[in-house]
Amino acid sequence: MQGPSKTFVNLIAYHTTRTRRLHSQSARWRSWVQPLALLMKLDPLVSSLSLYDIANTPGVAADVSHINSPAQVEGYAGEEQLGKALEGSDVVIIPAGVPRKPGMTRDDLFNINAGIVKSLCTAIANYCPHALVNMISNPVNSTVPIAAEVFKKAGTYDEKKLFGVTTLDVVRAKTFYAAKANVNVPVIGGHAGVTILPLFSQATPKSNNLSDEEIKALTKRTQDGGTEVVEAKAGKGSATLSMAVTELPFFASKVRLGKNGADEVLGLGPLLKPELKASIEKGIQFANRS
Ligand code: LMR
């Protein structure tokens, strides 16, 4: 993909505005969004990096800005700076909200994260309506539909420019499949439990040695990858470092990216997963409630 001449990237970690939780939220920002900020700063396609949170972002921005790569870094803190942080952005990445604790499903985060995502997307529609929007906030199966509904209402929706980030599932499927990075395993569907569908039968290079039992075990491990990390971190967060309908309106598939978003969706045949459908409808209903 050829990059635009000027790229603004907004990393948005937007937590609750409740003062009581401000400290722990900000501490979490430091631990789980910083690796992403670091990766974006190292990307030669990024010319300007904008970090946003309710507090402490200028300090993190100062730290990241010392990395010797071309991107200019700015930190914005507080809701009053959100517009400025977003203005002119070509790409917006949203890892906002709270992570899971052991025993929780991604859907258990809906009540907290749905509202956060909705208000961020309202600001995106106002300040950078043409940006490519990458949604990481869980439950991704519902937050992407929320974003789409907000953009539709604002008249800014472009299906080629809204993405649910599920690369984590592809990375896991590859690692568990052969423990080597040059294997390609498509992962389609959604990003929760059985909606994560690794297609080991389409892996390249192909391994003819895997039994049905082994494929089943690899599929389960990929679907449970996030839970494995949540449990290993024992309440201290979820994955930060290893960072997917034909009949359904949102379905993770392989896409060819271009300057204006998804140039081509590489089709994978008709599939329907009721779990993914329910999560999509939940997001749409939430977004249209008020
Ligand atoms: C993941 O897959 O690691 C993320 O979606 C975080 C989580 O809660 O599992």
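The values are calculated or read from the model by the stated rules, or taken from the named source; none is laboratory data. Computed from a prediction, not measured in an experiment: that's the story for all the values here. Positions of Cβ are backbone-derived with ideal geometry, glycine not excepted, and every protein chain shown enters the neighbour counts.
Those residues that are more than 14 Å from the ligand (Cβ to nearest atom) and part of a helix (DSSP H, G or I), I need them from segment 195-219; list them, please.
Selection gives F200, S201, Q202, D212, E213, E214, I215, K216, A217, L218, T219.
For segment 165-187, which residues satisfy the criterion of being touching a Phe, Trp or Tyr at 6+ places or on another chain (Cβ under 7 Å), under 23 Å from V230 (Cβ atoms) and not in a helix (DSSP H, G or I)? Quick ask: steps written out before the conclusion?
Start the filter on segment 165-187 by keeping residues that are touching a Phe, Trp or Tyr at 6+ places or on another chain (Cβ under 7 Å), which leaves 177, 183, 185.
Keeping just the survivors that are under 23 Å from V230 (Cβ atoms) gives 177, 185.
V185, the sole residue that qualifies.
Could you tell me which residue of segment 256-290 is modelled with the lowest pLDDT, considering only residues that are under 17 Å from V165 (Cα atoms) and aliphatic (A, V, I, L, M)?
L266
Can you go through N134, N138, N113 and tell me which one is in a loop (DSSP other than H, G, I, E, B), within 16 Å of the ligand (Cβ to nearest atom) and of a type outside the set (S, T, Y)?
Working: N134 fails: in a loop (DSSP other than H, G, I, E, B); N113 fails: in a loop (DSSP other than H, G, I, E, B).
It is N138.
Out of the residues in segment 220-239 that are away from the ligand (no atom under 12 Å from the Cβ) and small (G, A, S), state the one that is nearest to K101 (Cα to Cα).
Selected residue: G235.
Can you tell me which residue among R172, R106 is under 27 Å from R256 (Cα atoms), among the basic types (K, R) and touching a Lys or Arg at 6+ places or on another chain (Cβ under 9 Å)?
Testing whether each residue is under 27 Å from R256 (Cα atoms), among the basic types (K, R) and touching a Lys or Arg at 6+ places or on another chain (Cβ under 9 Å) leaves just R172.
Looking only at segment 236-255, count every residue that is within 16 Å of the chain's Cα centre (by Cα), over 16 Å from G193 (Cβ atoms) and at pLDDT below 70 and tell me the total.
The number of residues fulfilling the criteria is 3.
Condition test on P102, is it more than 18 Å from the chain's Cα centre (by Cα), within 16 Å of the ligand (Cβ to nearest atom) and either in a loop (DSSP other than H, G, I, E, B) or of a type in the set (V, I, T) (or both)?
yes
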